[in-house]
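Q: Got a structure for you, questions after.
The values are calculated or read from the model by the stated rules, or taken from the named source; none is laboratory data. Source: prediction; values computed, not measured. Positions of Cβ are backbone-derived with ideal geometry, glycine not excepted, and every protein chain shown enters the neighbour counts.
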Amino acid sequence: MTPAAASLQAVEWLVRLQAGDCAPEVEQAWRAWRDSDPENEQAWLHVEGCMARMRALPAPLAHGTLARKPVHAQASAARRQSLKLLALLAVGGGAWLAGGEEQARFWLADYRTGTGELRHIELPDGTRIALNTATSIDVRYTGDQRLVTLLKGEIMVATARDPAGRPFFVQTSQGRLQPVGTRFAVRAGSEATRLGVFAGAVDIALLRPQQPADAARRLQAGQQAVFTAERIGAAGALPAGADAWTAGMLVAHDMPLADFIGELARYRHGRLACDPAIADLRVSGIYPLADTAQVLDMLARTLPVDVRQTTRFWVTVVPHRQRP
């Protein structure tokens with residue numbers, strides 16, 4: 001993990017721990033995160049130092065504990081703004097040149113979700129957006145366009161007709177999408193974007209097409225494709241249940257266990273890994289994303305695997321071991 005990424009995670013933990021309803025499990029997860037990587041511990045100490053220098057926030061955090069006193073709404077808003085400034089401080093200096101600026105934008109986003117969180121919003125024009133785990137977006141409506149920038153994560157968009165006739169766009173770091181009366185999902189990565197169209201159609205315009213023929217393409221309902229800034233991959237069929245995450249479910253159809261665990265890990269704090277020896281085992285079924293511990297228990301009962309828990313937040317799925 002880069003220092004900038006660790007620092008931003010440290011700020012995220014600070015925000016969660018400052019919440020008045022912070023549960024003991026959250027503090028346990030925070031401690032596990034600090035212990036999992038020396039870079040994380042260094043980042044936490046750095047954030048503590050930044051916080052101590054910000055007069056609008058409480059004094060330095062003593063002995064790793066945080067005050068959780070309820071605050072007035074206005075004071076709470078001021079604190080959130082201060083924490084955004086803290087995120088900028090945490091990735092200051094040379095980190096801006098190493099991608100820290102882009103990561104800080106996640107923290108300054110108009111809407112965002114934490115790990116394992118699912119959020120549904122409705123924009124002023126009636127467009128509905130579901131934000132999957134660890135997702136952030138910016139929304140900019142002007143007189144001539146409606147623009148949603150997906151900074152990180154995954155969204156499902158159901159567009160509404162605009163009385164003013166303004167076109168609607170979704171922007172990622174690889175290109176711009178323009179829907180045609182549609183419902184579609186976008187998942188943004190650092191190198192590529194995945195688009196799935198569930199209704200209507202969506203036009204893809206690349207950021208840096210290598211060939212004129214690659215500059216744009218239209219996907220129809222039932223299709224999905226992955227694209228980079230330079231090229232658009234072949235269109236394929238959307239698998240059944242591809243939108244199940246919007247209802248808090250994960251649908252697997254003969255999915256390799258390694259891929260399944262990789263998906264499940266997106267919804268958990270800490271580390272979740274799969275032993276390479278069982279990576280090709282197949283998983284099928286419908287699983288609740290709100291209870292990943294239950295999902296792991298189901299795997300252990302239906303596949304020849306064991307769930308090894310070094311701590312609650314450091315978990316590895318390993319081959320089943322016969323006990324004498």
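Q: Just checking, which of 321, 308, 268 is in a strand (DSSP E or B), among the basic types (Lys, Arg) and either closer than 19 Å to residue 28 by Cβ or without any contact (Cβ under 8 Å) to a residue 24 or more places away in the chain (or both)? Working first, answer last.
A: On the way: 321 fails: in a strand (DSSP E or B); 268 fails: in a strand (DSSP E or B).
From the options 321, 308, 268, the qualifying one is 308.
Q: Mind telling me which of the residues 176, 161 ends up being modelled with pLDDT of 95 or more and touching an Asp or Glu at 6+ places or on another chain (Cβ under 9 Å)?
A: Details: 161 fails: modelled with pLDDT of 95 or more.
Exactly one residue qualifies, and that residue is 176.
Q: Could you list, in sequence order, the residues of the stretch 1-38 that are modelled with pLDDT under 75, of a type in the set (D, E, K, R) and surrounded by fewer than 16 Cβ atoms within 10 Å (Cβ to Cβ)?
A: 21, the sole residue that qualifies.
Q: For the stretch 195-208, enumerate the residues that are buried (at least 18 other Cβ atoms within 10 Å of the Cβ) and not aliphatic (A, V, I, L, M).
A: Passing the criteria: 196, 198.
Q: Going through the stretch 205-226 one residue at a time, which ones are among the hydrophobic types (A, V, I, L, M, F, W, C) and modelled with pLDDT under 95?
A: 205, 206, 207, 213, 215, 216
Q: Examine the stretch 124-134 for a residue that is assigned to a loop (DSSP other than H, G, I, E, B), under 23 Å from the mean Cα position of the chain (by Cα), modelled with pLDDT of 85 or more and of a type in the set (Asp, Glu), and state whether such a residue exists. Let's see the steps before the verdict.
A: Just the residues of the stretch 124-134 that are assigned to a loop (DSSP other than H, G, I, E, B), to begin with: 124-127, 132-134.
Next, from what is left, pick out any that are under 23 Å from the mean Cα position of the chain (by Cα): 127, 132-134.
Then drop every residue that is not modelled with pLDDT of 85 or more, which leaves 127, 132-134.
Retained after the next criterion (residues that are of a type in the set (Asp, Glu)): none.
No, the stretch 124-134 contains no residue that is assigned to a loop (DSSP other than H, G, I, E, B), under 23 Å from the mean Cα position of the chain (by Cα), modelled with pLDDT of 85 or more and of a type in the set (Asp, Glu).
Q: Out of curiosity, is residue 305 farther than 22 Å from residue 37 by Cα and crowded, with 18+ Cβ neighbours inside 10 Å?
A: yes
Q: Given the conditions (1) crowded, with 16+ Cβ neighbours inside 10 Å; (2) at negative phi, which single one is not true for residue 167?
A: With (1) crowded, with 16+ Cβ neighbours inside 10 Å; (2) at negative phi applied to residue 167, the lone miss is (1).
Q: Of all residues in the stretch 252-265, how many are surrounded by fewer than 19 Cβ atoms within 10 Å (Cβ to Cβ), within 27 Å of residue 29 (Cα to Cα) and not aliphatic (A, V, I, L, M)?
A: Number of matching residues: 3.
Q: In a strand (DSSP E or B) and either in contact (Cβ under 8 Å) with a residue 12 or more places away in the chain or over 23 Å from the mean Cα position of the chain (by Cα) (or both): is that true of residue 315 in this structure?
A: Yes, satisfied.
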